[in-house]
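Just so it is clear, none of the values below were taken in a lab; they were calculated from the coordinates. These figures come from a predicted structure and were not determined experimentally. Here the Cβ is made from the backbone with ideal geometry for all residues, glycine too, and neighbour counts use every protein chain on show.
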Amino acid sequence: MEEYIYINLRERPELMKTAADWFHSKWGVPTKAYLDCMNAYLRKETEYGWYLCLGSDKIIGGMGVIENDFHNRKDLTPNVCAVYTEKDYRCKGIAGHLLNMVVEDMKAKGITPIYLVTDHTSFYERYGWEFLCMVQGDGEDHMTRMYIHR
């Protein structure tokens, strides 16, 4: 069975460019936007971090924390963003482990509650998240589910 390594980007800052490219390939957000957020985290300008799961020394899962994940509720901050696990590695607890890492890290820094937007139902509840409300995504016609972790 493959062993996974869970880190925050401060533990392996040399992965910043690789991680930014990886997230860009999953979500289409410009690499520069990820690099800007990651640089601020690495320079300790923010405690909103980036979290990765490595397998065979490649990124197989990840997520970040940012001020706002492209929605109209600017008061609901910070937001977990860019949650992604490679298809071949899904249903192995990777996203759940990363979510728990994020929650614990933010709580340790006094940052609570935290929020996330998603179209998924039932997945996040398994990890202590609660549905809060619907929000309008920037440039989107439909409303999106907002979750909170207290």
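Listing for the model above:
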{"quantity": "Farthest toward positive dipole pole in the chain [+1 Lys/Arg, -1 Asp/Glu at C-beta], among Val102, Ser122, Cys91", "calculated": "Val102"}
{"quantity": "The chain: relative contact order as a whole-number percent, Cα under 8 Å and 6+ apart", "calculated": "18"}
{"quantity": "Point-charge dipole on Cβ atoms (K/R +1, D/E -1) for segment 4-111, about Cα centre, debye to 20", "calculated": "100"}
{"quantity": "Where labels lie 7 Å past Cα in the beta-carbon direction, separation of Tyr89 and Asp36 in nm", "calculated": "2.7"}
{"quantity": "For the chain, Kirkwood radius (reciprocal of mean inverse C-alpha pair distance, Å)", "calculated": "15.6"}
{"quantity": "Dipole magnitude (debye, nearest 20) for segment 42-101, charges at Cβ of Lys, Arg, Asp, Glu", "calculated": "120"}
{"quantity": "P(r), alpha carbons of segment 66-150 - 10 Å bins starting at zero, rounded %", "calculated": "17, 51, 29, 3"}
{"quantity": "Segment Glu67-Thr18, length gained on full extension (0.36 nm per residue, minus Cα span)", "calculated": "15.4 nm"}
